[in-house]
Amino acid sequence: MSEICFLHIGKTGGTAVSSLLRRHRRKAGRTDIQIYPHRYSVRRLRRLRPDAKLVFFVRDPVSRFVSGYFSRLRQGRPRYNAEWTAAEAEAFTRFPDIETLCAALAGSKAERDAAEAAIQAIQHTRLDYPHYLGSTDVLEKAKAHILMIGNQTDFGRDVGRLKDLLNIPPELDIPRDPVKAHRNAYPEGFTLSAEADAILHTRLAADYELYDWCRNFSNSRG
């Protein structure tokens, strides 16, 4: 099989998948599986590894955005302890909850500008699908080199598909401990309002175009 490049898209279950792949790589002595962190993209991997097969997971864009906001609000804890940058500290001081951020996105020009600056300051909201996936044209050109696109919504099923594709033995699995898997914890009782959800759907229109392409690709592969 060609070299496998797993692109870790933030807040899609990539920490758990990376852990599984590292354990399999170590136990099986495989050198053909590589894991690439957040700064990489499909376009960059196609340039660096033109013959490789690509694997990545996606997630509904609003769900991913909310998860990313709360992950950085907690500074990655409890699995990580990544302190805010100065820009993130300013963003969370201005927008200490996601409803306030969403309201600003629908506000005056000054409010929208402040909200956009905060989104660009927060790591996981800044690194959107256009960062990782480019455009539908980029994905179409890479289509023959995409081995699999998993979905966080069907995470258990798609991890199973990945294990089958890479001949990962059944006894190896993703971490079940929520800290090791870096599962996000929302504030108790948190529910995104319908208004905020609608605002984010509009803000993330480009992400939804890419997400829909990925879902269609996966459906076409059965």
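Structural remarks
- Filtered by the rule that a residue be closer than 26 Å to S71 by Cβ and open to solvent by 10 Å² or more (accessible area, probe 1.4 Å), the stretch 139-158 gives N151, Q152, T153, D154, F155, G156, R157.
- Boolean, G13 is on the phi > 0 side of the Ramachandran plot and either over 12 Å from the mean Cα position of the chain (by Cα) or at pLDDT 95 or above (or both): no
- Among the numbered conditions (1) under 30 Å from S218 (Cα atoms); (2) out of contact with any helix residue (DSSP H, G or I) (no Cβ under 7 Å at 6 or more places or on another chain); (3) without any contact (Cβ under 8 Å) to a residue 60 or more places away in the chain; (4) not in a helix (DSSP H, G or I), the only one that R47 does not meet is (4).
- Residue list for the stretch 30-44, filter: over 24 Å from S218 (Cα atoms) and open to solvent by less than 60 Å² (accessible area, probe 1.4 Å): R30
- Qualifying residue in the stretch 185-200 (condition: over 13 Å from P61 (Cβ atoms), of a type in the set (D, E, K, R), open to solvent by 40 Å² or more (accessible area, probe 1.4 Å) and at pLDDT 95 or above): yes
- Matching residues, the stretch 16-26, being hydrophobic (A, V, I, L, M, F, W, C) and either open to solvent by 10 Å² or more (accessible area, probe 1.4 Å) or more than 15 Å from the chain's Cα centre (by Cα) (or both): L20, L21
- Meets criteria (β-branched (V, I, T) and within 12 Å of the chain's Cα centre (by Cα)) for V66: yes
- Every residue from the stretch 12-27 that is among the small types (G, A, S), part of a helix (DSSP H, G or I) and either touching a residue at least 24 places away in the same chain (Cβ under 8 Å) or in contact with a helix residue (DSSP H, G or I) (Cβ under 6 Å, 6 or more places away or on another chain) (or both): G14, A16, S19
- Filter result for the condition that a residue is over 14 Å from the mean Cα position of the chain (by Cα), surrounded by fewer than 18 Cβ atoms within 10 Å (Cβ to Cβ) and touching a residue at least 40 places away in the same chain (Cβ under 8 Å), over R203, R221, R161: R221
- Across the stretch 58-78, not a single residue is classified as acidic (D, E), over 27 Å from T202 (Cβ atoms) and either part of a loop (DSSP other than H, G, I, E, B) or in contact with a strand residue (DSSP E or B) (Cβ under 6 Å, 6 or more places away or on another chain) (or both).
Results for (1) under 20 Å from H131 (Cα atoms); (2) in contact with a Cys (Cβ under 7 Å, 6 or more places away or on another chain); (3) modelled with pLDDT of 95 or more, shown as yes or no for each residue.
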{"residue": "R26", "(1), (2), (3)": "no, no, yes"}
{"residue": "G29", "(1), (2), (3)": "no, no, yes"}
{"residue": "Y36", "(1), (2), (3)": "yes, yes, yes"}
{"residue": "P50", "(1), (2), (3)": "yes, no, yes"}
{"residue": "L54", "(1), (2), (3)": "yes, yes, yes"}
{"residue": "F65", "(1), (2), (3)": "yes, no, yes"}
{"residue": "G76", "(1), (2), (3)": "no, no, no"}
{"residue": "R79", "(1), (2), (3)": "no, no, no"}
{"residue": "A89", "(1), (2), (3)": "no, no, yes"}
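- Taking the criterion of being among the charged types (D, E, K, R) and buried (at least 17 other Cβ atoms within 10 Å of the Cβ), no residue of the stretch 94-124 qualifies.
- Failed item, numbered, when I4 is tested on (1) touching a helix residue (DSSP H, G or I) at 6+ places or on another chain (Cβ under 8 Å); (2) of a type in the set (A, V, I, L, M); (3) at pLDDT 95 or above: (1)
- Criterion violated by S2 - all others in (1) closer than 16 Å to H124 by Cβ; (2) over 17 Å from the mean Cα position of the chain (by Cα) satisfied: (1)
The values are calculated or read from the model by the stated rules, or taken from the named source; none is laboratory data. Just so we're clear, the structure is a prediction, and the values are computed from it rather than from any experiment. Note that we place each Cβ from the backbone using ideal geometry, even for glycine, and neighbour counts take in every protein chain shown. Each accessible area value is taken on the protein alone, full model and side chains, heavy atoms only, with ligands, DNA and RNA left out. Shrake-Rupley method; radii C 1.70, N 1.55, O 1.52, S 1.80 Å.
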